[in-house]
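Everything below concerns the one structure shown next.
The values are calculated or read from the model by the stated rules, or taken from the named source; none is laboratory data. Just so it is clear, the model here is predicted, and its values are computed rather than measured. Using ideal geometry, Cβ is built from the backbone for each residue, glycine included, and neighbour counts are taken over all protein chains shown.
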């Protein structure tokens with residue numbers, strides 16, 4: 001369930017396919033503007049727009065370069081709102097793409113302070129959403145819920161039902177991860193009601209996925225798969241491969257829960273193919289995780305073990321300690337992969353240390369006797 005939370009929060013193509021999906025007119029005009037080398041708010045805005053354009057096609061490396069350029073120039077010319085946009089983009093990149101949660105929280109802390117100072121509600125919602133996704137990824141669901149509820153409160157005060165729906169999807173994920181299905185379903189139902197009333201116009205990606213997930217939890221496989229296919233078609237049409245890969249992993253889970261192992265495998269492998277091609281670390285782990293379950297259900301222990309090893313190798317790289325200045329939160333994620341470590345590791349370490357002590361004592365005794 002943890003994988004469902006993290007995303008409901010974004011590499012360079014080796015061909016022209018990615019560039020074709022970026023708005024070419026926007027890209028051309030911005031590139032032309034950059035040649036003017038004007039150090040003002042327009043340049044900061046251009047850098048931020050380019051960041052968004054490249055994030056839209058999951059090119060987080062180029063997006064990071066432009067976000068840093070925007071941040072640095074905004075600070076140089078005291079463009080607070082431009083800096084705030086860049087900080088939010090950087091936090092999103094490090095959380096959703098690089099899985100470097102400490103860096104993400106560092107940028108969120110800066111954005112949190114600046115958004116409150118400027119009293120910009122849209123950015124306050126965005127920053128709280130960022131905290132929600134990052135803390136959820138770390139398994140700190142209490143802090144995630146606090147920030148999610150703060151964002152919902154601001155959105156409701158603005159009459160922003162689209163954001164209320166999207167944030168309710170996040171909140172439901174968190175409750176479900178805690179095993180609180182009752183509260184999860186309440187929030188999911190709120191998402192379904194809002195989107196149905198709006199005929200799914202301007203429906204966020206997260207909300208679209210949650211509607212499908214809601215019907216799955218209610219035991220309606222037909223409606224669930226129908227909604228997932230609608231979501232998949234939308235993401236493919238938009239060229240949003242990150243959400244395409246993620247949706248495949250979710251469809252894999254649904255088919256597996258109903259014993260349709262072959263269909264589950266097809267979606268898991270397709271999601272993995274896309275995410276590996278684009279080097280999307282988050283979606284790679286999503287699809288590794290579901291494929292482990294697929295091959296366990298099939299009784300294919302070799303394939304299950306192979307994907308388990310791959311999954312563990314990625315998770316081991318994300319073990320960090322996170323400090324958040326704005327609320328004095330300290331989180332250790334070392335437990336995330338503790339189930340994969342040998343229970344004898346502590347004993348072995350102790351024996352090694354003891355052996356070193358004994359050898360040191362013997363050497364010291366030999367030297368003393370010679371003297």
ask   = Name the residues in segment 273-293 that are closer than 13 Å to residue 244 by Cβ and outside any helix (DSSP H, G or I), would you?
value = 278, 280
query = Looking at segment 164-181, which of the residues that are closer than 20 Å to residue 197 by Cα and more than 18 Å from the chain's Cα centre (by Cα) is surrounded by the most Cβ atoms within 10 Å (Cβ to Cβ)?
reply = 165
query = So, of the residues in segment 60-92 that are surrounded by 23 or more Cβ atoms within 10 Å (Cβ to Cβ) and over 21 Å from residue 124 (Cβ atoms), which turns out to be nearest to the chain's Cα centre (by Cα)?
reply = 60
remark   = Only unsatisfied item for residue 269, checking (1) in a loop (DSSP other than H, G, I, E, B); (2) modelled with pLDDT of 90 or more, is (1)
query = Is at least one residue of segment 40-48 buried (at least 17 other Cβ atoms within 10 Å of the Cβ), modelled with pLDDT of 90 or more, over 21 Å from the mean Cα position of the chain (by Cα) and part of a loop (DSSP other than H, G, I, E, B)?
reply = no
query = So is residue 148 within 30 Å of residue 190 (Cα to Cα), surrounded by 17 or more Cβ atoms within 10 Å (Cβ to Cβ) and under 19 Å from the mean Cα position of the chain (by Cα) or not?
reply = yes
remark   = For residue 201, the lone unmet condition from (1) in contact with a helix residue (DSSP H, G or I) (Cβ under 8 Å, 6 or more places away or on another chain); (2) farther than 24 Å from residue 135 by Cβ is (1)
task = Evaluate the following for residue 130: is it in a helix (DSSP H, G or I) and under 15 Å from residue 88 (Cβ atoms)?
result = yes
